[in-house]
Structures are given as C-alpha cells and as structure tokens.
1. Taking springs between alpha-carbon atoms closer than 10 angstrom, which of ILE176, ILE185, ILE166 fluctuates most in the Gaussian network model of the chain?
2. Multiply the residue separation of ARG77 and SER47 by 0.36 nm, subtract the distance between their alpha-carbon atoms, and state the gained length in nm to one decimal.
3. Round to the nearest 0.05 the FRET efficiency obtained for LYS136 and ALA54 when R0 = 30 Å and r is the Cβ-Cβ distance.
4. Mind giving me the nanometre distance, one decimal, between the label points for SER211 and SER160, set 7 Å out from Cα along Cα→Cβ?
5. Just want to confirm a number: the relative contact order over region 80-221, from Cα pairs under 8 angstrom separated by 6+ residues, in percent.
6. So how tilted is helix 103-112 from the main axis of the chain? Cα-based, degrees 0 to 90, rounded to 10.
7. Taking the chain, how many lysine pairs are there with alpha carbons less than 20 Å apart, if each pair must be eight or more places apart or span two chains?
8. Per DSSP H run of at least 4 residues, take -39500 (n - 2.57); add these up for the chain, divide by its residues and hand me the 222 nm value, nearest 500 deg cm²/dmol.
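Read-outs: derived from the displayed coordinates by stated rules, not from any lab. As the structure is a computational prediction, the values presented were derived from the model and not from experiment. Methodologically, a virtual Cβ is constructed for each residue, glycine included, from the backbone with ideal geometry; neighbour enumeration extends over all protein chains shown.
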Amino acid sequence: MAAPRPLSRFWEWGKNIVCVGRNYAEHAREMRSAVPREPVLFLKPSSAYAPEGAPVLMPAYTRDLQHELELGVVLGRRSRAVPEAAAMDSVAGYALCLDMTARDVQDECKKKGLPWTLAKGFTASCPVSAFVPRDKISDPHNLKLWLKVNGELRQEGDTSSMIFPIPYIISYVSKIMTLEEGDIILTGTPKGVGPVKENDEIRAGIHGVVSMRCRVERPEY
C-alpha cells in the first residue's frame with residue numbers, strides 16, 4: 001500500500017466521516033441506551049472537520065454542547081465489501097477525534113424520531129489530531145484515550161473495551177457504502193461524555209502516541 005499523504009491535506013483526498021455510535025457498553029449505559037447488536041452509524045459532513053488547534057464552534061441553537069472522545073481510523077485505499085479478515089489492509093493510520101454533540105438537540109431529535117444531523121453535523125464538530133501512520137501503533141485495540149476540560153480529567157477509556165472491533169467495523173461499513181482513500185471512521189466514545197461552554201479548553205490524547213488541544217468558541221454570523 002502506498003504511503004499515506006499528510007492529514008493536513010485531509011479534505012483534498014478524503015470525503016467522509018463515518019461515525020459509530022454506542023460502541024462502548026459503559027457509554028451506552030450512561031446514555032440510558034441499549035447496548036447495540038450491530039453498529040449504529042451516522043455521518044458528519046466534510047465541513048465538520050477541524051484540524052489540530054482550530055476552535056470548536058458552538059452552534060447558537062444549543063445550550064448543551066458535549067465532548068465525545070474517539071479513536072479515528074483513516075482509510076488508505078478505496079474499499080468496498082471488504083472481508084473482515086482483510087479489513088486492516090485498508091487502514092493507512094489513525095487520528096484522535098472529537099465527536100462534538102449538541103446533546104439537547106440530539107435528545108429532541110430522538111424523541112421525534114428524526115435524524116441527528118443538527119446535533120452532530122455542524123461546522124467544526126469534528127476536531128482531528130495529527131495523523132498517526134499505521135506502523136506507529138502495533139495494536140489499535142490496546143490504546144488508552146483521555147480528555148481534559150480546563151485541566152480536569154473528564155474521559156478515560158481503553159480501546160480494548162470496544163463492542164465492535166475495527167476489522168468488523170470496516171467490513172460492516174464497506175458493505176453499506178464504498179469507503180474512499182482518506183475517509184475517517186470514528187469508532188465510538190468511552191464513558192464520561194459531558195458539557196463544555198464557551199472559552200473552555202479541551203486537551204485530549206492517545207497515551208504515548210498523540211495529543212491535541214482546542215478551544216470552544218461561539219461563531220460570529
């Protein structure tokens with residue numbers, strides 16, 4: 001497989017952010033949701049992408065913006081209907097990602113049976129760390145993730161606790177939609193999601209691998 005191109009050029013060669021919901025049992029329980037029997041999928045648009053250091057933009061229509069810390073899997077080749085046994089061959093590398101969520105809006109959408117786009121798909125709702133090549137991580141299912149808000153530890157989890165492992169997720173998604181080189185799959189968040197407000201500083205990392213920081217801002221329209 002060809003060497004992956006820099007993530008700083010992500011949207012020149014990537015198109016999709018595919019997200020897996022409730023992939024950690026303890027997070028499903030904290031959200032008072034059933035533990036899923038198959039992956040729960042939703043999408044974020046390309047404008048949700050925010051590079052390392054860029055601000056999180058808090059939509060005017062939410063009063064409860066929350067952080068969700070996730071391991072992102074970056075695809076290195078076009079992939080369609082990939083067998084689970086060969087799925088890891090499609091991986092170029094990894095990134096730490098935040099799935100910022102307007103929780104109050106999501107709750108209303110759930111009550112009305114509506115899609116989650118307003119809650120999940122707003123501009124800069126997916127901060128992404130520096131790209132980590134695949135050969136820098138020997139086992140993506142043995143990583144410790146952490147997130148702090150204004151220095152306070154909020155989320156901490158281990159990717160070994162995923163309900164659906166990465167090869168299964170890639171295979172499952174690729175049988176529904178063709179994945180393109182540069183696409184990112186967000187693999188779910190551990191427990192500990194919580195609110196942030198304007199001017200809060202978020203720091204997050206994969207222990208011993210990569211870290212990132214961003215600040216919450218209200219956009220000016």
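1. ILE176
2. Numbers: separation 30, 0.36 × 30 = 10.80 nm, distance 2.17 nm.
That works out to 8.6 nm of additional length.
3. Values: r = 23 Å, r/R0 = 0.77.
Result of the calculation: an efficiency of 0.85.
4. Inter-label distance under the simple model: 2.4 nm.
5. Numbers: 203 pairs, mean separation 41.5, N = 142.
Dividing the mean separation by the residue count of region 80-221 yields 29 percent.
6. Taking Cα atoms only, the helix is inclined about 80 degrees.
7. 16
8. On the way: 5 runs with 33 residues, N = 221.
Counting only the DSSP helices, I get -3500 deg cm²/dmol.
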